[in-house]
Amino acid sequence: AQRVTQPEKLLSVFKGAPVELKCNYSYSGSPELFWYVQYSRQRLQLLLRHISRESIKGFTADLNKGETSFHLKKPFAQEEDSAMYYCALSRAGSYQLTFGKGTKLSVIP
Amino acid sequence: EAQVTQNPRYLITVTGKKLTVTCSQNMNHEYMSWYRQDPGLGLRQIYYSMNVEVTDKGDVPEGYKVSRKEKRNFPLILESPSPNQTSLYFCASSGTGDYNEQFFGPGTRLTVL
């Protein structure tokens, strides 16, 4: 069975400080990893996916198969980054997503 | 505008009174799914559908039903709601060739008294 673990329920950082949201997964095959974000009172939306190797809103995430991790990073946090972040995993070619429990990021002005 | 819509957005009901939450998407997506979101538990999948007339259980299907008679609609039915079904519900859809990006509806906040 696949599993996604986000060890931090809440992460508070000061504006301008680096941010790292942790995500670890367990899956025996080749996973596809995603980060979804939910801003206050808004719907979930895709932030980025490992397969496209892009940087969105200054965030990046690298898939580390050896450590089975997909941590989300940003060098300088902004107040507008405050949100709920979910790491998610799917099997290659599958629509099914398994979500982690989420990390609430709070950026302190 | 491409989107997923849900109705109602807010609902307060009483135990045992049947209700339906509608979900509709205008992107011709094959895959649709229902999740519930609870504090500390994240998103948990209730049911999903790969296409018309094809539905399957997710991780927490007990107490819920779904149907997929048309490609665009995927209603969630609670035949006899109970207080433990008080939650925030999200519908999502996804189409082929999109690297599994799921598009979410705005959510339905359900309170069962």
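The values are calculated or read from the model by the stated rules, or taken from the named source; none is laboratory data. Owing to the predicted nature of the structure, the values given are computational and were not obtained by experimental measurement. Neighbour counts run over all protein chains shown; Cβ positions are idealised from the backbone, glycine included. The area values use the complete protein model at the heavy-atom level, side chains included, leaving out ligands, DNA and RNA. Shrake-Rupley method; radii C 1.70, N 1.55, O 1.52, S 1.80 Å.
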What is the sum of charges around B:GLN25, taking Lys and Arg as +1, Asp and Glu as -1, for the other residues whose C-beta is under 9 Å from the C-beta of B:GLN25? +2
For chain A, set up a GNM with springs between Cα atoms under 10 Å and report which of A:PHE34, A:PHE59, A:PHE76 has the largest fluctuation. A:PHE76
Based on the Cα atoms of the protein assembly as shown, what semi-axes does the equivalent ellipsoid have, where each is the square root of 5 times one gyration tensor eigenvalue, given in whole Å with the largest first? 30, 20, 16
Can you return the aspartates and glutamates within cross-link range of A:LYS15? Criterion is Cα-Cα under 12 Å, with same-chain partners fewer than 8 residues away left out. A:GLU79, A:GLU80, A:ASP81
Determine which lysines satisfy two conditions relative to A:LYS65: a Cα distance under 30 Å, and not lying fewer than 8 residues away in the same chain. A:LYS9, A:LYS22, A:LYS57, A:LYS73, A:LYS74, A:LYS101, A:LYS104, B:LYS57
Leaving out ligands, DNA and RNA, what percent of the accessible area of region B:70-113 is carbon and sulfur, probe 1.4 Å? 52
Taking only protein heavy atoms into account and a 1.4 Å probe, give the accessible area per residue of chain B in Å². 47
Threshold 10 Å² - residues in region A:82-104 whose accessible area is reduced by that much or more when the chain is no longer isolated, probe 1.4 Å: A:TYR86, A:SER94, A:TYR95, A:GLN96, A:LEU97, A:PHE99, A:LYS101
If I compute solvent accessible area with a 1.4 Å probe over the protein chains, what percent of it on region A:19-109 is carbon and sulfur? 46
For B:LYS18, which aspartates and glutamates qualify as cross-link partners when the Cα separation must be under 19 Å and same-chain residues fewer than eight apart are set aside? B:GLU62, B:GLU79
Along each principal axis of its Cα atoms, how long is region B:25-65 end to end? Whole angstroms, biggest number first, please. 33, 20, 11
